[in-house]
Structure formats: structure tokens, C-alpha cells
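Read-outs throughout are calculated quantities, based only on the coordinates presented, and are distinct from any laboratory measurement. Predicted model only: the values in this text are computed from it and were never measured. Cβ placement follows ideal geometry from the backbone for every residue including glycine, while neighbour counts extend to all protein chains displayed.
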Amino acid sequence: MKAAQDCYPSRVGKREEILERLDPVIYDYSEPISPNALNQHQLQQFEQDGFITLPDFMPEMVAPLLDEISRMKQSMAGREELVTEPDSHELRSMFALHQHSDLMDRFSRDQRILEIVHQLLGSEAYLMQSRLNIKPAFRGKSFSWHSDFETWHVEDGMPRMRAVTVWLMLDENTEFNGPLYVVPGSHKKYVSCQGTTELNNHQKSLKKQVAGVPEPESIQQILKDNGLVSIKGKPGTLVIHECNLLHGSPDNLSPWPRSVLMMVYNSVENRVTTPYSGLKPRPEYLSSADQAPLKPVNKD
Ligand SMILES: O=C(O)CCC(=O)C(=O)O
């Protein structure tokens, strides 16, 4: 099947270009009656910066999730959803956690999170991906600069920018242990990268991304206008970042691990179709075949 018209071409062999975003950032500005919904000030901040940090959002979830992760490292050992660091056998990432754990499934559907997701996307959402990034002490390697949307568009077939990543800090994220760097406002530009996509690119890119990484000149250009922020916080801090935000993170040289639990929500009005690369879709653990709207679960 041929992909729909490509509004955000990338890796089509041409020189790199910085294009304008064509889609809204927030699809619904109304404030639902809920203590968790973002207020107008927070919505404006998200619109402007492309991310928002909510300290102390779910501190009570941290210990149970860490216990569950220890258990899952055993129960999922040897599976392809587990990715090691590029130069060691240390675990770098684990995917599809919600398919292997009731607690992770419930976390992904927590009403407190889904209310915000629905608000931002202006629709119901499905869980496209769940992921733990571990950044082990001393050995956790960097993540290259990228926009998630660029990859999801080219390699998974996400048509438009209508998705968010919601992530929970499970360790303190400090200046020393490889925090996420983001470029505020960068979600309003789209870097159409040069080059092409290799078959089974994910097998390399999950360890070290190369295709879809903007050239230093483009990063500098976007950075010049917007500056750079590192996202720090205590365990239990929730961060929401827009799918096209330019981000990356450095090696963890410190003795402290930095694990973050990430859930990717895509609007049910923006379901992935055929990869725009023209290659076969990536495995289901990277872009879920289950695209049914998520049913919220209450905290208690
Ligand atoms: O965990 C990190 O430091 C980077 C994560 C990231 O960029 C991603 O998962 O897309």
C-alpha cells in the first residue's frame, strides 16, 4: 500500500531543510473540570515551549514501578524488546512494558495522565509505544538529537503531528546523570533530514540513532533562536513533551542511574498508516498494532 500524501518529507535524499510546522500544537484549549487538567497558563507554556514539567505528580507510583521493573528484567530477559547499550551488555531500554505487566498497563491508562493527553490532543488516544530508558551509572550512553515525530513519520507512518510523550522520572534527574536536553519552541519547526533509511534501521538506531539526526548547522540555527534547557527533577516528576520537540541527552558519567518511563500517546484521529520511507513497518513493540482508544483507570 502507498502512504498518504507526505506533508513532512524527510530522508528523501535531498539536502536538509528547516520547514514550518503545519499542525496545531494543542488541539483543544478547553479546561475539563478536573484537578489534573492543565490550566490556561500551562497550556500556553506547552504551546510555546513544546513541553511541560509537573513536579511531584505521581511520587507514590515510583517504588511500585521500580519493583515491577526489577521483576520484568528477569521475566523479559532475552526478548527483542530489551535493548542493550551500544558498547556493553548493560540494559539501555525496554519496550512494550504495558503488554507484559498489569501495573504498567494501568499506569499507561491512569486517569490523571489521560485527562491531560485528551486535552492536548483534542481526542481520545491510543498507546503507540511504552518504553523504559535506563541510562545506567557510568555506562549509559547518549541519545542523539532528534524529533520523535520525524522517526515515527518516516519509519512508522504517523501522518501528522498529533502525539505526545508522557514520562515519569523514576530516579532523580540531575545535571550529572544524563538529563534530557530540549530546545524550547523547536516543535514549531520541522527538520527535513538528508539521507535515506536503511532496512531494519531500528536495530541500530535504538542503540545509536544516525538517520533522522539533524546536521549541527540546523541544530545550531534552531538553538540560536530558542536556547537549550535540561529537564531535571525528583522521582515522581511527570514531563509531557510534544512529538516534534528537538531533544537528546548526554552520556551518564555519574555513579547514579537515570531511569525514565515513557508512554507515547497518539490521537485516534492520527493513527499510523504505512511508513513514509516505503519500507516495511517496524515491529509491533515500537508502534503498537492495537490502536483502540484507551480506557482510563482511576488511581484507587
Ligand atoms: O532517555 C533519554 O535520555 C532520551 C530519550 C529519547 O530521546 C527518546 O526516547 O526518544
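Here are the numbers:
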{"item": "For 276, 29, order by how many other beta-carbon atoms lie within 10 Å, fewest first", "result": "29, 276"}
{"item": "Sum of side-chain charges, residue 140 neighbourhood, beta-carbon under 9 Å (Lys, Arg +1; Asp, Glu -1)", "result": "+2"}
{"item": "Selection from 82, 63, 27, by position along the positive dipole direction of region 26-151 (Cβ)", "result": "82"}
{"item": "Charged-residue dipole, Cβ positions (Lys, Arg, Asp, Glu), region 7-142 about Cα centre, Debye nearest 20", "result": "600 debye"}
{"item": "Relative contact order %, the chain, counting alpha carbon pairs below 8 Å whose residues are six or more apart", "result": "35 percent"}
{"item": "Length-normalised contact order of region 69-133 in % [C-alpha pairs under 8 Å, at least 6 apart]", "result": "30 percent"}
{"item": "Order of 41, 153 under a 10 Å beta carbon neighbour criterion, fewest first", "result": "41, 153"}
{"item": "Hz values of 3J(HN,Hα) by residue in region 203-215 - Karplus curve (6.51, -1.76, 1.60), Gly and Pro given as x", "result": "5, 9, 5, 5, 9, 7, 7, 10, 5, x, 9, x, 5"}
{"item": "Per principal axis, descending, Cα span of the chain in whole Å", "result": "49, 48, 40"}
{"item": "Mean Kyte hydropathy of -0.5 or more with a Cα span along the axis of at least 18 Å, helices from DSSP in the chain", "result": "59-75"}
{"item": "Residues of type lysines that residue 189 reaches as a straight line, Cα spacing below 23 Å, ignoring anything fewer than 8 places off in the same chain", "result": "14, 224"}
{"item": "Net charge of Cβ neighbours under 9 Å - reference residue 177; Lys, Arg +1; Asp, Glu -1", "result": "-1"}
{"item": "Other-chain or far-sequence residues with amide H under 5 Å of residue 143's (modelled H)", "result": "249"}
{"item": "Longest DSSP-loop-exposure-free segment, GluC sites (Glu not before Pro), the chain, at most 15 other Cβ within 10 Å", "result": "81-174"}
{"item": "Exposure proxy order (Cβ contacts within 10 Å, fewest to most) of 191, 210", "result": "210, 191"}
{"item": "Charge-dipole axis of region 213-300 as Lys and Arg at +1 and Asp and Glu at -1 on Cβ define it, positive-most pick from 230, 262, 218", "result": "262"}
{"item": "Cα-centre dipole for the chain with unit charges at Cβ (Lys and Arg positive, Asp and Glu negative), debye to 20", "result": "580 debye"}
{"item": "Reference-scaled alpha-carbon Rg (2.2 N^0.38 Å with N residues) for region 21-139", "result": "1.26"}
{"item": "Within the chain, helix-based [θ] at 222 nm, where runs of 4 or more DSSP H residues each add -39,500 (n - 2.57), nearest 500", "result": "-6000 deg cm²/dmol"}
